[in-house]
Amino acid sequence: TVLRDYGIEGPFREPMRETIAGTKTETVHRENGVTFNLDARKVMFSAGNLSERMRMSKLGRGEYVVDMFAGIGYFSIPMAVHSRPSKVLAIELNPNAYHYLCQNIRMNRVEEIVEPVLGDCAKVTPEGVADRVVMGMVQVTDRYLLKGIGALRPGGVLHYHQTIPSSMHPKKAISDIEEAARAIGRRFQIQRCIRVKKYSPGVVHSVVDARIE
């Protein structure tokens, strides 16, 4: 099957794709010892984020992790398969993505670790429980920073993804974290800044790791 891609739109981050040839759009993707079942017309999947998914698969051992934009399990499942956190709370708003998230949890046999939650992370993100919070969305992620920081215990780690102008990498993402942390009286320390990939001309997909006290 061949699809023409017009990008991602709307609050559900749904792909706008037209079928050019073929009929079947559901597929199984395997990488790094993890299996993802997905429908390429209904849910997004970025091959360009592979290095970040592999990095995250090495983090979280024994921790309580909150994945605020879980999708089909891009980060939750690699962490569960390879690092074995004590728990991963995987929150997803899109019903189609949530459907495949649940399938992928079962397919990778991590039901005892990953708990899927269908809902808006602005409403269902818990407070003060997490050792690690993953905010793996871009463009509007800053709107949810207060929730992400608030979910962390003192000393927990935040992974903040955002799209920013290349000339402002990583200063703009760091300033987002600083503003949100100060708003709720939390201190932070930047651990790492990563340029995940080019997002569009003059714009990069960035991720900043920050320890929140």
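Just so you know, all these numbers are worked out from the coordinates, no wet-lab data involved. In this text the structure is predicted, and so the values were computed from the model without any measurement. Ideal geometry is used to build each Cβ from the backbone, glycine not excepted, and the neighbour counts take in all protein chains shown.
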Taking the chain as the reference, fit the longest principal axis to its C-alpha atoms, fit the long axis of helix 171-183 to the helix C-alpha atoms, and give the angle between the two in degrees, 0 to 90, nearest 10.
60 degrees
Can you grab the distance from the C-alpha centre of the range 156-190 to the C-alpha centre of the range 77-131, Å, no decimals?
24 Å
Using a Förster distance of 25 Å, the FRET efficiency for ILE8-MET168 (Cβ separation, nearest 0.05):
0.70
Highest first, please rank the peptides 38-50, 2-14 by the mean number of other Cβ atoms sitting within 10 Å of their residues.
38-50, 2-14
For every other residue with a beta carbon closer than 12 angstrom to the beta carbon of ALA210, add +1 if it is Lys or Arg and -1 if Asp or Glu, then tell me the sum.
+1
List the residues whose amide H sits under 5 Å from the amide H of VAL110, counting only those 5 or more places along or on another chain, with H placed 1.01 Å from N in the peptide plane.
none
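According to the square roots a ≥ b ≥ c of the eigenvalues of the Cα gyration tensor, what is the shape class of the chain, taking rounded for a/c under 1.5, prolate for a/b larger than b/c otherwise, and oblate for the remainder?
Note, shape of the chain comes out oblate.
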Among LYS171/LYS198; LYS87/LYS147; LYS42/LYS123; LYS58/LYS171, the pairs whose Cα-Cα distance exceeds 22 Å are LYS42/LYS123; LYS58/LYS171
Built amide H within the under 5 Å cut-off of GLU31, gap 5+
PHE36
Taking the dipole of the chain about the Cα centre (Lys, Arg +1; Asp, Glu -1; charges at Cβ), the one of ALA70, HIS161, LEU59 that reaches farthest to the positive side is LEU59
Estimated [θ] at 222 nm from DSSP helical runs (n ≥ 4, -39500 (n - 2.57)) normalised by residues in the chain, nearest 500:
-6500 deg cm²/dmol
Relative compactness, the range 26-132, computed as alpha-carbon Rg over 2.2 N^0.38 Å
0.97
Under a plain spin-label model, where a point goes 7 Å from the Cα along Cα-to-Cβ, how far apart in nm are GLU111 and GLU179?
4.4 nm
Could you size up the charge dipole of the range 1-158 around its Cα centre, putting +1 on the beta carbon of Lys and Arg and -1 on that of Asp and Glu, and report it in debye to the nearest 20?
300 debye
Angle in degrees between helix 95-107 and the longest Cα principal axis of the chain, rounded to the nearest 10
90 degrees
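Note down the magnitude of the dipole of the range 72-213 about its Cα centre, charges +1 on Lys and Arg C-beta and -1 on Asp and Glu C-beta and zero elsewhere, to the nearest 20 debye.
Roughly 380 debye, rounded to the nearest 20.
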Of all DSSP beta bridges in the chain, what percent run antiparallel (nearest 5)?
65 percent
